[in-house]
Each structure stands twice: as structure tokens, then as C-alpha cells.
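Below: one structure, written as C-alpha cells.
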Amino acid sequence: MAALLLGWANTAQVFVTGAHARTNYYGFYVQDDWRVAPRLTLNVGMRYDVEQPRWEQNNAQNGFDPFTINPVSNTPGVLTFSGRDGLSKYAHRWDKNNIAPRFGFAYRMPGDKTVLRGGYGLMYGPIYDASVGRVMQASFTDTRTFQSTNNGLTPALVLRDGVPTPPVEERGPGFGAVRPGQTPRLAPEFMSQDHKNVYAHHVSFNIQHQLFGSTLLEAGYMSNLAHNIGGLTVNINQIPLDRIGATQNQSLRPFPQYGNVLWQAPNWGNSSYHALNLKVERRFAAGFNLLANYTWAKFLDDVEANSEAGGAPGNGQQSYYARALDKSYSGSDLRHRFVASTVYEIPVGIGKRVNLSSRLADAIVGGWSLGVITEARAGLPYGVIENSNRLNAFSSAQRPNLVGDARLDSSRPRSEFVRQWFDTSQYVFPGDGRLGNAARTTGFGPGFFGVDVSLLKDFRFSESRFLQLRGEAFNLANRPNFGLPNGSRGNANFGRIASSQDGRVIQIGLRFVY
């Protein structure tokens, strides 16, 4: 209490940031449908997208030049600042050539039961794959912590004196740098000057045929080839592969005057997606509809996305200098997926197939509807990394060596494959300072099967007002759908599955619609 009355503070923290980042997006397009003949329609279009590079309204934004010699360390690499030394206010150059043609066609074959459709489009996506609001602010923020050095016998600071003024360092090429051999005090962030929008070539072709009545069968092919895909923030201040040693050595970094040098939103990725799609649809008639869809697909990429359904723990990239080793099945690759949904109005009630003459009986057993959704899909890819990264390159991960087939007998009891999904002995430590030969993703986890059911009844008071009673069961069979196995070699749970989705959930609701 005495320390409080004196205005003593044992600890204090300052966090000041003033990022007012800005970017504007503009899109222009022209499109037209042209009916060339009674059976043939063409759709032709052109789109142009341009996105303003990130800028800060007070030029409170830094960049990084990896080639200019630093005056403090006499090594390559200096900080740059927007609006200074002849630089523009933007984080990078404009990407102005995003012209995107579109073409599509629909042809109704003689007999009027079969339609062919196809199309091509060049699509441009956002220039940033994740938020870039509070980054690249070296020298424009103030983050400091003050702590009593003797457990409160003397204060960290006295409130009446305020927080000490932060030290002032001139913004220039030497900002934040230290001489080789000294402990780094800054981890710069930057964007590449040739940063570009992600783009993708999208191709589709399908055949739709009317089988009978209102039932349609559709078969189609779709592909998506993407480039300039944004990846996770990467540290480019890693030790080159030919200089890696038994221990991490700051002096072997290309920019020893700094800690990590973080490349924000690197758009260096590529991906390819190909899929066969089969669909059966029965439009609602006689109280029944059906929609069933099966997709067989393959999804490859060479960069880990900001959000993936599967993949390796954390960031599975081994080295900034070995990106060729990162091409693999995407963490979101879903090889097989089947989904079917149906709604069936049970034909019991006044005026229905099973006619009820009693209004009381109709109120109890008439007017019910049954809905069912069934989904079955293959397992997602998983990856393996070393629990202890001993690559000694200041990289985010080290992968093990895969020395054989890690797949185990799929007919084992469930308790065994949960305890050990794959043969962990096939993954071995590659050695200090050595890259592992395991791919970014090396296998597939458990699949998924679920059935959701709903039972509905409407109590109608008028055409637009009714009370709806709903009974719903999710995962009706109460089947355990397991998560991915632990992918950290060296962890006590390596290869073990420790998670699953919810079991059966039943809920009842009442809704009034008016």
C-alpha cells in the first residue's frame, strides 16, 4: 500500500502502434451472351483488376534492400523507409497487367435431353493472402517493458515521472543493425518489390443428360492451375545449405546484422487441381428430391497455405533455399468425396396418398417430412517434422528421412490404428545440419463418414403462418471420425491419433414462421 501511495510501479509496459495501412481495389468487366444458333449460346467476357499496393498514410512503413551494403555491419542488407531517399509511399511496385479473358459455351444436342457446357477463365485473386495491417513498422512503434531489478525494493519507475522517453535512432540504411558478432536487436519485415496478384487458369467441361422425368445425370471435368500463390511469412535470413554446421551460427547468416528477416505474404507458390465430378439430381416432384455428388480429385502445390485442412504441424518448410523439395500433395487435398441429400414428404395426411379423414389424426401423423444428408470422404494428407529442429539454419522446420513404406495394415482393430496410425520406425533423424528427404506431406489420415437426419412437421394456421416442429440428429450412427495423427517425430505421441469429431448430437426445436 505504501508503494502504491508513493506511485511506485514494480512493472510497466509500453505498447504504441499507429498503423494506418491503406489499399484500394478496382475491378472493371464487360460480358455478353451471344446466341449463335437456337442450340448454341456463347458467353464471352473480359475483366481487368488492379489493386493498389499497401501504403501508410504517414509513410510509417519500412522495407528491405538485400543488396546495398550496410554502413554499420559492412555486409549486404539495409532497411528502407517509404517516402524517403527517392522511394515511393508504396510497399512494392504496382501489378497492372491483370487482364482476364472469359469464355463459355452451352450446346443443346438434338433430342433436347443432353446439354454440353464448357468454359475457360483467367481469374485474378487478392494481392495479399492474409492481413498485412500491423507489419513493416520498424522505428514507428514503441514496445518496451520495465521491471524492478530487486523485487520491488526500488521501483521500475515512478508514476509522477511518467514513462522514460524512448531512445531516438535516425531512420536510415543503418537503422537497427549491429556489428558482426554482436547480438541482433531487430527482425525486419518487408515485401518483395515485384509482389503480384495470385492468378489461376480455370477450365471446366460437363455433360448433362435427362434420364427420365425430372432426373438429371451430369459428368464433368474441372481444373484449376494457380500461380503467385501467397504463402506463410518466411525468414530469408537462413544459413545457406552449403554453410550449415553442427550448430547455429549467427555469423553465417547472409544478414548477420539482423535477427530473422521476414518476407511478408510471399507470392511464390504454384498449385494444380484436377477433378472428375459426377452428379445425379432429381428435382422436387411428388414430394421427393435427391441430390448426390461424387468428386475424384488430385491437388498438388509447393507452398503451405495460411489455412489448410491437413498438412504438417506448423510450417513444414525446411529451407528457404530448397523450395523444390516442398512440392507435394496439398494439405487440403481431398481425393474422394461423396455427398447425398434428400427430402421426402411422407405421403400421409389429408389429400395425400394415404388419405386421412380425421383432422385430429392429420395433426398427429400427417404432414411430416424426412431429410437425410450423407457424406463420405477420404482422409486428409498429413506431414511429419522433427520435434526438435536441428537443421541449424534458423529455418522453421526440419523434416525426417523416410526410409520405407510407413503404411500399416488397414484391417487392424480400431484401437490399434488410433494408437499408431503409421509405422513410426520408417521415419528417422536425418542428422544435425541435414535436410530430411520426407515430402511436405507423406500420407493420408482417417476418412470421414456421417449421416445427419431431420424430421419436420408443419402445423399450418394459414398459407404464410405455421409452426414447425423439428427433430434433428447429427452423426446418427454415432460413428467416431478421427483427426490426423501426431506428426512431430520425437514427441511422445508421434503417430498417435488424439482427437475426433463430435459423436451423435440430437436436438429438438420449435419455430414459428410468419
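Would you tally the residues in segment 320-363 being of a type outside the set (Gly, Ala, Ser), assigned to a loop (DSSP other than H, G, I, E, B) and within 30 Å of Arg390 (Cβ to Cβ)?
Residues in segment 320-363 being of a type outside the set (Gly, Ala, Ser), assigned to a loop (DSSP other than H, G, I, E, B) and within 30 Å of Arg390 (Cβ to Cβ): 4 in total.
Please specify each residue of segment 260-286 satisfying the condition of being touching a Pro at 6+ places or on another chain (Cβ under 8 Å) and either in a loop (DSSP other than H, G, I, E, B) or at pLDDT below 90 (or both).
Val261
So that you can scan it fast, the table gives a plain yes or no per residue for (1) out of contact with any Pro (no Cβ under 7 Å at 6 or more places or on another chain); (2) assigned to a loop (DSSP other than H, G, I, E, B); (3) surrounded by 17 or more Cβ atoms within 10 Å (Cβ to Cβ):
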| position | (1), (2), (3) |
| --- | --- |
| Phe15 | yes, no, no |
| Arg35 | yes, no, no |
| Met46 | no, no, no |
| Gly77 | no, no, yes |
| Pro101 | yes, no, no |
| Tyr107 | yes, no, no |
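Just the residues that are within 30 Å of Thr143 (Cβ to Cβ), modelled with pLDDT of 90 or more and hydrophobic (A, V, I, L, M, F, W, C), please, taken from segment 15-43.
Of everything in segment 15-43, just one residue is within 30 Å of Thr143 (Cβ to Cβ), modelled with pLDDT of 90 or more and hydrophobic (A, V, I, L, M, F, W, C), namely Ala21.
Mind checking which residues of segment 474-496 are of a type in the set (A, V, I, L, M) and either under 19 Å from Gly316 (Cβ atoms) or surrounded by fewer than 16 Cβ atoms within 10 Å (Cβ to Cβ) (or both)?
Scanning segment 474-496 gives Ala477, Leu484, Ala492.
Which one of the conditions (1) over 30 Å from Asn237 (Cβ atoms); (2) not in a loop (DSSP other than H, G, I, E, B) does Thr68 fail to meet, given that it meets all the rest?
For Thr68, the failing item is (1).
How do the pairs read when you match residues in segment 441-466 that are closer than 30 Å to Gln317 by Cα with residues anywhere that are part of a loop (DSSP other than H, G, I, E, B) and among the basic types (Lys, Arg), using Cβ under 8 Å and keeping only pairs 6 or more apart or on different chains?
Filtered contacts from segment 441-466: Gly443/Arg407; Phe444/Arg335.
Within segment 205-252, how many residues are touching a strand residue (DSSP E or B) at 6+ places or on another chain (Cβ under 6 Å), more than 30 Å from Phe64 (Cβ to Cβ) and either part of a loop (DSSP other than H, G, I, E, B) or basic (Lys, Arg) (or both)?
Within segment 205-252, residues that are touching a strand residue (DSSP E or B) at 6+ places or on another chain (Cβ under 6 Å), more than 30 Å from Phe64 (Cβ to Cβ) and either part of a loop (DSSP other than H, G, I, E, B) or basic (Lys, Arg) (or both) number 1.
Okay, residues lined up against (1) in contact with a Gly (Cβ under 9 Å, 6 or more places away or on another chain); (2) at pLDDT below 95; (3) within 30 Å of Glu304 (Cα to Cα); (4) acidic (Asp, Glu):
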| residue | (1), (2), (3), (4) |
| --- | --- |
| Ala438 | yes, no, yes, no |
| Phe449 | no, no, yes, no |
| Leu456 | yes, yes, no, no |
| Arg460 | yes, yes, no, no |
| Ser464 | no, yes, no, no |
| Leu469 | yes, yes, no, no |
| Ala473 | no, no, no, no |
| Pro480 | yes, yes, yes, no |
| Pro485 | yes, no, yes, no |
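Just name the residue that is surrounded by the fewest Cβ atoms within 10 Å (Cβ to Cβ) out of those in segment 287-319 that are in contact with a Lys or Arg (Cβ under 9 Å, 6 or more places away or on another chain) and part of a loop (DSSP other than H, G, I, E, B).
Once the filter is applied, the top-ranked residue is Gly287.
I'd like the residue in segment 407-451 that is in contact with a Ser or Thr (Cβ under 7 Å, 6 or more places away or on another chain) and not basic (Lys, Arg) and, out of all such residues, is surrounded by the fewest Cβ atoms within 10 Å (Cβ to Cβ).
Val451
What pairs come out if I take residues in segment 362-384 that are under 14 Å from Gly445 (Cα atoms) and in contact (Cβ under 8 Å) with a residue 24 or more places away in the chain and pair them with residues that are basic (Lys, Arg) and crowded, with 19+ Cβ neighbours inside 10 Å whose C-beta lies under 6 Å away, six or more apart or interchain?
Close Cβ pairs (under 6 Å, with a partner that is basic (Lys, Arg) and crowded, with 19+ Cβ neighbours inside 10 Å) amount to Gly383/Arg440; Val384/Arg489.
The values are calculated or read from the model by the stated rules, or taken from the named source; none is laboratory data. As the structure is a computational prediction, the values presented were derived from the model and not from experiment. Glycine also receives a Cβ, built like all others from the backbone with ideal geometry; neighbour counts cover every protein chain displayed.
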